[in-house]
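To start, the structure itself, in structure tokens.
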Amino acid sequence: MTDSAAASHPTRLERVRTDAGAEFAILTFAHGPLNLFDQSMFDAVQADVAALAENPPRAVLLCAEGKVVSAGVDVHLFDGLSAEQGADLWQQLFAEICHPIEALPCPVVYAAHGLTLTAAFEIALACDIILAAPKAKFGLVETVVGLTPSMGGPQRLAERAGSGRARELVMTGDLYDATTLQNWGVVNAVHDDVDAEARTLTARLADGPTRAHDATKQIISAWRSGGVAHADSITPQVSGALFETDDLRGAVRSFLTVGPGKATYNGR
């Protein structure tokens with residue numbers, strides 16, 4: 001893709017199928033050498049996420065082309081904003097990117113092959129599983145412009161790594177390598193060929209019991225918002241509904257007939 005084409009089309013949203021026929025989507029950041037989050041990039045991601053929410057596939061992979069995942073946000077977006085305008089910006093990004101990604105009724109995988117800063121890192125933290133290459137580095141570096149990360153990064157980082165680690169990473173504005181963040185529980189796994197591994201995992205998840213994966217997300221979301229007691233309170237209904245799905249009924253029959261691990265799923 002030429003630089004002019006990348007500038008016109010900051011992202012690509014593709015829908016592909018696994019060998020078993022399950023549809024999954026690949027959302028690629030493709031906005032020049034830095035994949036900078038300027039207004040056109042935010043607009044493109046919002047449109048892509050809206051398309052995914054309107055017609056969900058059975059899994060989603062977020063990745064990037066080029067040397068870096070993203071060098072962060074175009075600081076021009078912040079110049080001269082009032083307090084009200086700043087609050088509106090963050091509210092929009094929560095409402096149109098982070099929260100809809102978390103609410104997708106399917107697994108969402110994020111592949112980080114290189115430098116992953118600010119908005120790109122915060123979007124990763126809204127995904128279900130983060131995979132990284134050994135050379136990947138991550139940072140919430142908003143302190144360089146007197147800001148704190150405001151697309152949910154601090155709180156989602158605290159959920160994964162603990163509040164002390166979150167304060168350290170945000171307040172120092174330092175870069176952290178993939179192995180460190182794997183040890184902290186932020187990155188799920190580190191792979192030499194992270195793009196290939198992420199695609200394989202996404203396909204595997206797409207082939208799985210999609211309704212059950214959605215139920216898992218709902219239960220964990222309830223825990224995040226209200227703790228164990230709240231998660232317990234919604235689990236009977238959320239899990240109980242699975243007994244009327246084609247996937248559970250078919251998998252139970254498969255288990256009883258030919259044993260475990262032979263079932264196939266259609267996402268219904």
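Karplus-derived 3J(HN,Hα) values for the range 190-205, using 6.51 cos²θ - 1.76 cosθ + 1.60 with θ = phi - 60°, are 10, 9, 4, 9, 5, 5, 5, 5, 5, 5, 4, 5, 4, 4, 4, 5 Hz; glycine and proline are entered as x. When all alpha-carbon pairs of the range 183-268 are counted, what percent fall beyond 19 Å? Here the long-distance tail beyond 19 Å is 56 percent of all Cα pairs in the range 183-268.
Ellipsoid semi-axes for the range 5-79, based on the Cα gyration tensor and the rule √(5λ), read 25, 14, 9 Å when sorted largest first. Out of GLY226, LEU52, LEU36, whose Cα points farthest toward the positive end of the dipole of the chain (charges: +1 Lys, Arg; -1 Asp, Glu; placed on Cβ)? Sorting the options by dipole projection puts first GLY226. A viscosity of 0.692 mPa s and a temperature of 37 °C, combined with the Kirkwood radius over Cα pairs in Stokes-Einstein, give a translational diffusion coefficient for the range 174-226 of 245 µm²/s. Per residue, the convex hull spanned by the alpha carbons of the chain comes to 142 Å³.
Just tell me which lysines come within less than 21 Å, Cα to Cα, of LYS67; anything on the same chain fewer than 8 places away is out. Hits, sequence-local ones excluded: LYS135, LYS137.
For the residues ALA206, ALA22, ALA83, a GNM of the chain with alpha-carbon springs under 10 Å puts the largest fluctuation on ALA83.
Taking other residues whose beta carbon is less than 14 angstrom from the beta carbon of ASP74, and scoring Lys, Arg as +1 and Asp, Glu as -1, yields -4. Its residues counted as N, the range 122-216 yields a C-alpha radius of gyration over 2.2 N^0.38 Å of 1.18.
At a probe radius of 1.4 angstrom, the accessible area of the range 120-223 per residue rounds to 44 square angstrom.
Working from Cα pairs under 8 Å separated by at least six residues, relative contact order for the chain is 16 percent.
Close amide H partners of ALA112, meaning residues 5 or more places away or on another chain with modelled amide H under 5 Å apart, are LEU131, ALA132, ALA133. Note on the range 35-171: Cα-only Rg and Dmax are 14.4, 42 Å. Between GLU168, GLU23, GLU197, the GNM of the chain built on Cα springs shorter than 10 angstrom shows GLU168 fluctuating the most. Taking the 1.4 Å solvent-accessible surface of the range 1-127 as the whole, the part contributed by carbon and sulfur is 54%.
The values are calculated or read from the model by the stated rules, or taken from the named source; none is laboratory data. Every value quoted in this text rests on a predicted model; they were computed, and no experiment measured them. Positions of Cβ are generated from backbone atoms using ideal geometry, with glycine treated the same way; all protein chains shown enter the neighbour counts. Accessible surface is based on the protein model in full, side chains and every heavy atom, while ligands, DNA and RNA are left aside. Shrake-Rupley method; radii C 1.70, N 1.55, O 1.52, S 1.80 Å.
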